[in-house]
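S.K.: What follows is a structure written as structure tokens; I'll ask about it next.
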Amino acid sequence: MSPRVTPATTTELSRVQLLAELPGERLALLAGRMRREKIAAGSAVVREGEPGERFYAVLSGLLAVSQDALGPRRLLRPGDSFGEVALAMDVPRTASVRAMTPCVVASCDRETFDEFVRPLLADEG
């Protein structure tokens, strides 16, 4: 089996700040629908202005967030997530994210995001 289609584990996702409040059973269901992906240092994960189709959780490594107009914005570390703005608001990507070190992320499609993650964002507001 290729590492690209390996699902994330419940333990990994429980360390992601946004997802940590999901009950164990929901987290396990989400984990089965999120795929792990290895990202090489220097590779772009998402690019500002592109359509947003996936939500990402950082499992390992360090990624840099930047915006064309504002330059570097912040660093993402294990436990952080990104990609929710484009999916939640149905807008193009609002920033670019590039791997600074070799990284592992877990991602899900829009349907999975809407089912599991979007309700968490509503709770925050």
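S.K.: Collect the residues in segment 61-76 that are of a type outside the set (A, V, I, L, M) and either over 20 Å from T6 (Cβ atoms) or assigned to a strand (DSSP E or B) (or both), keeping them in residue-number order.
M.R.: S66, Q67, D68, G71, P72, R73, R74
S.K.: To continue, here is another question. May I ask you to list pairs of residues, at least six apart or on different chains, whose Cβ atoms are under 9 Å apart, with the first in segment 88-110 being on the phi > 0 side of the Ramachandran plot and the second being crowded, with 20+ Cβ neighbours inside 10 Å and of a type outside the set (D, E, K, R)?
M.R.: Matching pairs, first to second residue: D90/G52.
Listed here are the residues, each with its yes/no results for (1) in a loop (DSSP other than H, G, I, E, B); (2) of a type in the set (A, V, I, L, M, F, W, C).
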{"site": "E48", "(1), (2)": "yes, no"}
{"site": "G52", "(1), (2)": "yes, no"}
{"site": "Y56", "(1), (2)": "no, no"}
{"site": "V85", "(1), (2)": "no, yes"}
{"site": "V91", "(1), (2)": "yes, yes"}
{"site": "C108", "(1), (2)": "no, yes"}
{"site": "T112", "(1), (2)": "no, no"}
{"site": "P119", "(1), (2)": "no, no"}
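S.K.: Would you check which residues across segment 10-42 are more than 15 Å from the chain's Cα centre (by Cα), outside any helix (DSSP H, G or I) and in contact (Cβ under 8 Å) with a residue 12 or more places away in the chain and list them?
M.R.: E21, L22, A40, A41, G42
S.K.: Just to be sure, is L63 buried (at least 17 other Cβ atoms within 10 Å of the Cβ) and out of contact with any Gly (no Cβ under 7 Å at 6 or more places or on another chain)?
M.R.: yes
S.K.: Looking at (1) loosely packed, with under 15 Cβ neighbours inside 10 Å; (2) of a type in the set (G, A, S); (3) in contact with a Ser or Thr (Cβ under 9 Å, 6 or more places away or on another chain), which is the only condition A57 fails?
M.R.: If we test A57 against (1) loosely packed, with under 15 Cβ neighbours inside 10 Å; (2) of a type in the set (G, A, S); (3) in contact with a Ser or Thr (Cβ under 9 Å, 6 or more places away or on another chain), just (1) comes out false.
S.K.: Also: Can we say G79 is under 21 Å from V117 (Cβ atoms), part of a loop (DSSP other than H, G, I, E, B) and in contact with a Gly (Cβ under 7 Å, 6 or more places away or on another chain)?
M.R.: So G79 fails the test.
S.K.: Among the listed residues R110, R118, R77, which satisfies the condition of being touching a strand residue (DSSP E or B) at 6+ places or on another chain (Cβ under 7 Å) and not hydrophobic (A, V, I, L, M, F, W, C)? It would help to see each step written out before you state the result.
M.R.: On the way: R110 fails: touching a strand residue (DSSP E or B) at 6+ places or on another chain (Cβ under 7 Å); R118 fails: touching a strand residue (DSSP E or B) at 6+ places or on another chain (Cβ under 7 Å).
The unique qualifying residue is R77.
S.K.: Condition first: loosely packed, with under 12 Cβ neighbours inside 10 Å, at pLDDT 95 or above and of a type in the set (D, E). Can you find one or more residues in segment 91-114 that meet it?
M.R.: Within segment 91-114, one or more residues are loosely packed, with under 12 Cβ neighbours inside 10 Å, at pLDDT 95 or above and of a type in the set (D, E).
S.K.: Would you pick out the residues in segment 8-48 that are in contact with a strand residue (DSSP E or B) (Cβ under 7 Å, 6 or more places away or on another chain) and among the basic types (K, R)?
M.R.: R33, R35, R36, K38, R47
The values are calculated or read from the model by the stated rules, or taken from the named source; none is laboratory data. In this text, all values refer to a predicted model and were calculated from it rather than measured experimentally. Reconstructed Cβ throughout: ideal geometry from the backbone, glycine too, with neighbour counts over all protein chains shown.
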